[in-house]
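Below is one structure, written out as structure tokens; the observations come after it.
The values are calculated or read from the model by the stated rules, or taken from the named source; none is laboratory data. Computed from a predicted structure; not experimentally measured. Glycine also receives a Cβ, built like all others from the backbone with ideal geometry; neighbour counts cover every protein chain displayed. Just the protein is used for accessible areas: all its heavy atoms, side chains included, with ligands, DNA and RNA removed. Shrake-Rupley method; radii C 1.70, N 1.55, O 1.52, S 1.80 Å.
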Amino acid sequence: MNYDASLWLIFILLGLATTLPRAGFIVLGNRFSLPPTLQRALRYAPAAALAAIVVPDVLLVGGSVEPINPKLAAAIAAILVATRWRNPWLPFIVGMAVLLGLKAIFPS
């Protein structure tokens with residue numbers, strides 16, 4: 001098999017590997033239901049994915065964990081505001097204000 005054919009085969013297999021699991025839920029529809037325990041666990045998947053993206057950026061500074069940094073303080077302020085008030089914009093505004101304020105006070 002030459003290089004071009006193997007490359008196309010890899011593309012096709014990767015496309016199938018990403019499409020088939022997604023299409024399975026669409027094709028099966030209501031004929032198949034997930035167990036209730038798995039349904040409850042899947043409710044937390046978006047929050048877990050978001051946390052997996054955000055937490056390393058908040059905790060790591062220059063490749064090492066820094067427990068005291070402006071991003072962590074801003075994240076804590078945003079979380080506190082989000083749990084206290086139901087306004088979706090307020091945590092963003094407060095978090096950015098804390099971040100920019102701390103960066104202005106303590107330039108790195």
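Would you mind working out the accessible area per residue for the chain, using a 1.4 Å probe, and quoting it in Å²?
For the chain, the solvent-accessible area averages 84 Å² per residue.
Roughly how many whole Å is it from the C-alpha centroid of region 52-108 to that of region 2-29?
About 40 Å separates the Cα centre of region 52-108 from the one of region 2-29.
If you project the alpha carbons of region 18-69 onto their three principal axes, what span does each projection cover, largest first, in Å?
If we take the Cα atoms of region 18-69, the spans are 51, 25, 10 Å.
State the extension gain, in nm to one decimal, for the chain segment bounded by Leu13 and Thr83, taking 0.36 nm per residue of separation less the distance between their alpha-carbons.
Between Leu13 and Thr83, full extension yields an extra 20.7 nm.
State which stretch of the chain is the longest one without any exposed chymotrypsin sites (Phe, Trp or Tyr not before Pro), exposure meaning a DSSP loop state and at most 12 other Cβ atoms within 10 Å.
45-84
Return the equivalent ellipsoid semi-axes of region 1-97 as a descending list in whole Å, where each equals the square root of 5 times an eigenvalue of the C-alpha gyration tensor.
39, 25, 12
On the protein heavy atoms, probe 1.4 angstrom, tell me the percent of accessible surface of the chain carried by carbon and sulfur.
For the chain, the apolar C and S fraction of the accessible surface comes to 74 percent.
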